[in-house]
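Note sheet for the following structure.
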Amino acid sequence: MKRKTIFLTAIAVLLVMVTAIDGAWAYFTTYASASGGYTLSLGDKTTVTEEFSAWTKHVAITSAEDSEPVYIRVKAFCGSEYSLVFSDANGKWTPGEDGYYYYSDIVNAGGTTEELLVKIENVPEDVKDADSFNVVVVYESTPVLYREDGTPYADWNGKVDTGTVKGGA
């Protein structure tokens with residue numbers, strides 16, 4: 001009787017394990033790639049233009065016609081086995097200690113930044129699928145603030161105040 005109970009328990013455990021194997025197998029074998037993006041707007045209106053050619057992404061940010069003057073910063077990411085090299089023709093983009101590249105000029109309504117070039121380094125010569133390379137660009141803008149003496153500055157530490165709903169039923 002004891003052997004029969006052990007045998008039935010083992011069968012039950014085995015059945016549970018077999019039904020759960022699909023999820024575990026899918027976890028270890030699934031490959032997914034993503035493309036596209038989503039724009040999150042918290043006030044100022046800017047759009048990014050990205051073009052990719054010769055292992056270089058060309059990035060420019062444009063402020064909307066009805067936007068207030070803003071400062072812009074950009075950060076880029078790629079696979080860990082490759083490195084990125086940033087450059088621009090006129091020296092308007094400068095690296096910060098936080099990994100962002102900061103645009104030195106104020107971008108007024110309808111204005112566009114100079115192009116920031118983000119080049120992928122260490123690309124193998126025998127690449128078969130160039131579409132498998134991707135550079136993800138994240139950019140942020142903040143309204144121009146002014147000190148008492150009229151000097152403009154950017155506050156990158158500002159927080160979005162979501163407010164509190166008062167009252168209720």
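Brief remarks on what is shown
- Distance histogram in 10 Å bins (all Cα pairs of the stretch 46-144, percent per bin): 15, 47, 27, 10, 2
- Sites Ser83 and Arg147 - FRET efficiency at Förster radius 35 Å, r taken between beta-carbons, to 0.05: 0.40
Coordinate-derived values only; no laboratory data. As the structure is a computational prediction, the values presented were derived from the model and not from experiment. We place every Cβ from the backbone using ideal geometry, glycine too, and count neighbours over all the protein chains shown.
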